[in-house]
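> The structure's right below; bear with me while I get my questions together.
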Number of protein chains: 2
Amino acid sequence: MNQASHHVVVVGAGFGGLELTHALAGQPVRITMIDKRNHHLFQPLLYQVATTALATSEVAWPIRHLLRKRKDVTTLLANVAGVDRTGKRVLLDDGSAVAYDTLVLATGARHAYFGHDEWEPFAPGLKTLEDATTIRRRILLAFEQAERETDPARRQALLTIAIVGGGPTGVELAGTIVELAHDTLRGEFRNIDTRQTRVVLIEAGDRILANFAPELSEYASKALERLGVTVELGRAVTRCDAEGVVFGDKQLAARTILWAAGVAASPAAEWLGAKADRAGRVLVEPDLSVPGSREIFVIGDAALVLRPDGRPVPGVAPSAKQEGRHVAATIKARLAGDNTVRPFHYKHAGDLATIGKRAAAIDFGWIKLTGWLAWWLWGIAHIYFLIGFRNRLAVSLSWLWIYVTGQRSARLITQGDDDKA
Amino acid sequence: MNQASHHVVVVGAGFGGLELTHALAGQPVRITMIDKRNHHLFQPLLYQVATTALATSEVAWPIRHLLRKRKDVTTLLANVAGVDRTGKRVLLDDGSAVAYDTLVLATGARHAYFGHDEWEPFAPGLKTLEDATTIRRRILLAFEQAERETDPARRQALLTIAIVGGGPTGVELAGTIVELAHDTLRGEFRNIDTRQTRVVLIEAGDRILANFAPELSEYASKALERLGVTVELGRAVTRCDAEGVVFGDKQLAARTILWAAGVAASPAAEWLGAKADRAGRVLVEPDLSVPGSREIFVIGDAALVLRPDGRPVPGVAPSAKQEGRHVAATIKARLAGDNTVRPFHYKHAGDLATIGKRAAAIDFGWIKLTGWLAWWLWGIAHIYFLIGFRNRLAVSLSWLWIYVTGQRSARLITQGDDDKA
């Protein structure tokens, strides 16, 4: 057991929190990692669980297993209820507290409905393993119910899947779902033809993948439509219910609606009593500390960090990791007696999104890639970033199998009750 | 689409129902397969999901995928509400009905509490995928809570796992859980030593594996105790609650109790208004038909079938398969105009159970095997019986990984609410 006196408490074992913990290895600190889940989730591949390509255990690993060799780290499964800034304690929901010298909140984001939380039961988002198995269950159940439905209109509504939000998650969901329906499930039903499934991607803006170069948005739209996805641009969703979705002057009868449109930060700002933007992200100082508390940092999706041009740093894994490394460097410097304020500078590596299993769009800024080459690069990059050899091997095998046979391995309908998923 | 006029309705896609369907391939019948789940479950390996060794999708496959090439089979995901024997219709819970010429009920069993259903919330059984993820969550959560618990007595109760029932399921759970605690999780906690976990196997009879030869029971008890399991014989459980379990004059403080003691048949007997034994199994004729309805058959765990010596045919996969093949042969004969009553004869292949990852007990009657040779035979047999090359490969890989590294791949705590799991 490490007896260092400086105690760093990290809340959240996502990309940012884990990277920070890794970067503090060997430092004279002891670390407590608190997370409300027992697993780190590889969110970039979560849509593949939702669409039956990967098993839940292929994209999630126990946090304490990832940190098992770090005898300086204690992992706690616990719910945080608040932060006592004066007393420097993290308050847990069982009434206990954990004292800190330095606190790093890396608590991520949830999906949000722009003030329309009543849409959630009809349009689940995709942030947790349970979200993914809920979406998987709904998609698969819609086909099962369509097989038994005799009314043509209701059957078509069951075979219509609306996806709200044309960012990478929406694009990736649309591409894999249309392949699931048109290829994987084809020939397995007797009363319906799954190739008649309609997948509609609804984006309020004037192009999908708005963060990418316009020519890549154009490419992605065409690639999706070639797969059979209908792309609807320029109309915002104004209603989601059991009948379907309304966007602008259009109405779509759809029994399955998936939400890939908005995110809201975790309650970190509330715990701190700190200022936040509309999405709940804490407004941090240039060094990622919280105004008024130099020993508290917020990183990843829970923080609003601005780039020199005023745009926010995007909520992706690489930015969370960069922020984690930056805060680790600040902590190291302070332990060495250097209290200079070190502003964070974000380096944008690029944007990428897959479109089904044969195409992708990658925007590195200096070069733009599309088609199968981009898809292979995407696949290799994701295998590389997967944590642990075991999972790299398992995911590679699952993908190879799907690529060669078109069959998916995790087509399970589990858990009866959506709301408790 | 097959236009054969004879319609066989099969309820339940377990080992019996699937085997019957396979055996009817090429016959002049059309088949409707009804199941309330979308997947066939390989129950003999379910305990490995409960103990984090395998992912849910490694032991379950979509029924309609398994039957995709059988154009004579229509698969329906539906809940059966009853059987109209006079009108020859299966009644579904949405008010619709499916007419049959021949009906085969292969609806299996659930775990049962001998009239103590109030024990269920404290002592989950193991029959479905959700049961397995519930047990997995409870075991993993107990260690997480123990890591945070400061009271020594409460901590020891969290680190005590009681398993009720010394049949193969109880023995297999005990062996893998003690390995999970003593090997896999070792070194990952900072406040507890997982090697102090107590696993107690409670059996009311005077030996575990009562269906095996006495020397194998003896061997299994010794092998379990060598692994660190406490085997308690000769006392029946009289209470299960949040504090633990009471058996005879003994009381054990255990926060995790697993139920591997009793099963009850599905409601097939109720649907039919047929006579059943205490465990709910339908008392069938020697040809597995239901008294008074020659066109209705009950097979597998839902039926009570007696051997010549008066003992019931055991509720295992091989007996369900044999019964499925037998009923298929009867249907074929009748279609050919042969209405002879064909009594079913059970051929007992043997009993087998694993004890952790290095030993097993196999009783073929004419030969008894123990130790690592038995373990390898068990592994090869189960890989062989797994449906589909993809899963054989995936499970082999998972096992090889665990065998070599001791690490398990599916250590996920999912779903917050036990009762809705």
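The values are calculated or read from the model by the stated rules, or taken from the named source; none is laboratory data. What you see is a predicted model; the values in this text were computed from it and never measured. Backbone-built Cβ (ideal geometry, glycine too); neighbour counts: all protein chains shown.
> Determine whether A:Trp399 is away from chain B (no Cβ under 14 Å) and aromatic (Phe, Trp, Tyr).
It is false that A:Trp399 is away from chain B (no Cβ under 14 Å) and aromatic (Phe, Trp, Tyr).
> On to the next question. Hey, could you check the range B:326-360 for residues that are touching a Phe, Trp or Tyr at 6+ places or on another chain (Cβ under 6 Å) and among the hydrophobic types (A, V, I, L, M, F, W, C) and say which is farthest from B:Gln48 (Cα to Cα)?
B:Val327
> Another one. Considering every residue within the range A:244-256, establish whether at least one is surrounded by 14 or more Cβ atoms within 10 Å (Cβ to Cβ), outside the structural domain of A:Leu91 (by the TED database), part of a strand (DSSP E or B) and under 21 Å from the mean Cα position of the chain (by Cα).
Yes, the conditions are met somewhere in the range A:244-256.
> Looking at A:Val73, A:Val59, which is the one that is more than 9 Å from chain B (Cβ to nearest Cβ), surrounded by 17 or more Cβ atoms within 10 Å (Cβ to Cβ) and within 22 Å of B:Glu188 (Cβ to Cβ)?
The unique qualifying residue is A:Val59.
> So A:Val104 fits all but one of (1) more than 9 Å from chain B (Cβ to nearest Cβ); (2) surrounded by fewer than 23 Cβ atoms within 10 Å (Cβ to Cβ); (3) touching a residue at least 60 places away in the same chain (Cβ under 8 Å); what number is the exception?
Answer for A:Val104: the failing condition is (2).
> Looking at this structure, is B:Glu19 of a type in the set (D, E, K, R), in contact with a Ser or Thr (Cβ under 8 Å, 6 or more places away or on another chain) and assigned by the TED database to the domain that holds B:Phe297?
no
> In this structure, does B:Arg311 turn out to be within 25 Å of B:Leu209 (Cα to Cα) and not β-branched (Val, Ile, Thr)?
Yes: the conditions hold for B:Arg311.
> As an exercise: evaluate B:Ile383 against (1) at pLDDT 75 or above; (2) touching a Ser or Thr at 6+ places or on another chain (Cβ under 9 Å); (3) surrounded by fewer than 17 Cβ atoms within 10 Å (Cβ to Cβ); (4) within 13 Å of chain A (Cβ to nearest Cβ) and give the number of the one condition it does not meet.
For B:Ile383, the exception is condition (4).
> Next up: Please work out which residue is surrounded by the fewest Cβ atoms within 10 Å (Cβ to Cβ), limiting yourself to the range A:121-136 and to residues that are within 19 Å of A:Cys240 (Cα to Cα) and either small (Gly, Ala, Ser) or more than 17 Å from the chain's Cα centre (by Cα) (or both).
Filtering first and then ranking leaves A:Pro121.
> Here's another thing I want to ask about it. When you look at A:Leu140, is it among the aliphatic types (A, V, I, L, M), closer than 24 Å to A:Glu120 by Cα and within 9 Å of another protein chain (Cβ to nearest Cβ), yes or no?
yes
> Another one. Taking the range B:114-134 only, how many residues are among the aliphatic types (A, V, I, L, M), under 19 Å from B:Lys36 (Cβ atoms) and away from chain A (no Cβ under 14 Å)?
1
> Next question, about the same structure. When the range A:157-180 is examined, which residues are found to be at pLDDT 95 or above and of a type in the set (A, V, I, L, M)?
Selection gives A:Ala157, A:Leu158, A:Leu159, A:Ile161, A:Ala162, A:Ile163, A:Val164, A:Val171, A:Leu173, A:Ala174, A:Ile177, A:Val178.
> Sticking with this structure for a sec: Between residues in the range A:204-232 that are surrounded by 21 or more Cβ atoms within 10 Å (Cβ to Cβ) and residues that are basic (Lys, Arg) and not in a loop (DSSP other than H, G, I, E, B), which pairs lie under 6 Å by C-beta distance while being six or more apart or on different chains?
Every condition considered, the pairs that remain are A:Leu216/A:Lys368.
> Right, next: B:Phe344 versus (1) surrounded by 20 or more Cβ atoms within 10 Å (Cβ to Cβ); (2) touching a strand residue (DSSP E or B) at 6+ places or on another chain (Cβ under 8 Å): which is the lone unmet condition?
With (1) surrounded by 20 or more Cβ atoms within 10 Å (Cβ to Cβ); (2) touching a strand residue (DSSP E or B) at 6+ places or on another chain (Cβ under 8 Å) applied to B:Phe344, the lone miss is (2).
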